[in-house]
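The next block holds one structure in the form of structure tokens; read it before the comments.
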Amino acid sequence: MSPSNNAHGERLMVDAARAGDQGALSELYTLYFPRVYRYILARTGNSYDAEDLAEEVFMRVLEAIERFQWREAPFSAWLFRIAHNAVISQRRKDGARGRSSPLSEGLPLDGQGPEELVEMRLALLQGREAAEKLPEAQRRVIALRFGAGLSVAETARAMNKGEGNVKVIQHKAIAKLREIVRQRPVAHEEEKV
Amino acid sequence: MRKRKFEDILEECVSALLEGRRTLEENLELYPALAAQLEPLLRTTEALSGRLQEQAPAATVQEQIRLRFLASASERARARALTRPIRGFGGGAAGFKRWTLVASCAAAASVAAIAGVLAFGNSGGETQHESTTSAIASGSQKEAFVLNLAQARLQLHVVQEKARRGLEIQSSDITALTEATSKLTQTGDASTDSIGKKQLQPLLQQQYILLQHLSNDLSEGADEQLSAALGTTQSLADQWGIAIAEPTASPLVASPTPRSPTPSPSAPASPHPTATASPVPQPTPSGSPAPSPTAEPTLPPVP
């Protein structure tokens, strides 16, 4: 079920979770954990960080869900703002420790055919470039749209921006990623040449 | 103006691509004048989103995090339950003093619980649940009941989730469920707490239905635990004067194996050759507050 496709069902579930219903909390987890994980993966490019941070996000949700109020913004916008804050907080800690984020070291690369490998490396390269080279706003749009699977409207809510603005940022981000990939062919293609 | 329009078209194509409504080629055919500009962007979108959507944490990792998440939620519920009665004490300085007193007692109970866990950990003795329950034994019966009820709910939820996901249910899961239920028999009864009875009734009903269902699916050797769990459930229901309805003829789930006749609570469960439970439906969230018809236009603060 996509949250945006079943707003009423989601609302009932979130309200029950706010009241402490374990079943509803579990359902929320089922619905959102993979999306939060992919969002963080797109931001950090590291699957281990993504697992740890996704867990941290859900613990923060527990702390804050009683204070969550239905306003104009959907639950997803609130949730991914928590995820964003967790990523930023982790980045600060990593910066203080002088730790650099490795390139998706946890992603599976074995058992891939040549074409799949190229595509995977393209995706990894894009993921890394997104994490390292794109401006913050572009990174967030890429992670929210393609990692978390939010719509433009939901992304706009999560970022406190207008939908038109998000579309502009999305265009710039995709174009920049394309340019980065075009300028830096993947190793497999270089070997073939 | 032209640029703006292109961004709208790009977004339309990206959404159609991501949602599987149109292929890349169909998008380009729809906007032939912009195909040269759209194609590289949509190919990049396709590659990036395709790979990202394939990524997921290992199922075991996801399940472990889920259990920690739910355990943490349960702990929070316990803490809330401990402080809930003080809200009825009234406001003002007197109310605050009483709040402080109860909070101090709760804190003392927590410290005792932690000390108990450490002590038992050193001696390799009882479980955390048992030590926690022991630690609060000096408090009121009602508080102990609330804590035990939360623990029983959590344990039931763990087994329900496993069953729902088709994961293997260990005999230790059933034993833990029985122990959690047993703790409830030691705290309170219907003559002193009608609210507790209302809270206990759905728990016992769900637990009974689940155990009956599992009796068809658990492996041989799990009979003993299952029988004990059913017996404990029934005796707790008797203690509180709660009538448990037998599962209806309508199937709980689409189970691949035909159901055998429903055993009575005291009868041993019939063994089956599989140890993996077929999925059990989640109970729908109860007590959900109705959605507020009025919506205000700002986001709440985020931690």
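Roughly what would the spin-label model give for B:ALA243 and B:GLU224, points 7 Å off Cα along C-beta, in nm?
Simple spin-label model gives 3.6 nm for this pair.
Based on other C-beta atoms within 10 Å, arrange A:ILE40, A:ILE180 from fewest to most.
A:ILE180, A:ILE40
Run the numbers for A:ARG92 and A:LYS161: contour at 0.36 nm per residue of separation, minus the present Cα-Cα distance, in nm.
22.4 nm
So between B:VAL61 and B:GLN199, what do we pick up on full extension, going 0.36 nm a residue minus the alpha carbon distance?
My answer for the length gained is 46.4 nm.
Averaged across the residues of B:57-70, what count of C-beta atoms belonging to other chains lies within 10 Å of each residue's C-beta?
That works out to 5 on average.
Can you put A:TRP70, A:TRP78 in order, fewest other beta carbons within 10 Å first?
Lowest count first: A:TRP70, A:TRP78.
Which of rounded, prolate, oblate describes region A:1-99, given a ≥ b ≥ c as roots of the alpha-carbon gyration tensor eigenvalues and a/c under 1.5 marking rounded, otherwise prolate only if a/b is larger than b/c?
prolate
Please work out how much length the chain gains when fully extended from B:SER235 to B:ARG80, using 0.36 nm per residue of separation minus the C-alpha to C-alpha distance, in nm with one decimal.
Gain on extension, B:SER235 to B:ARG80, equals 52.9 nm.
FYI, it's all coordinate maths here, none of it is from the lab. Remember, it's a predicted structure, so these values are computed and weren't measured experimentally. No Cβ is skipped: glycine too gets one built from the backbone with ideal geometry, and neighbour counts run over all protein chains shown.
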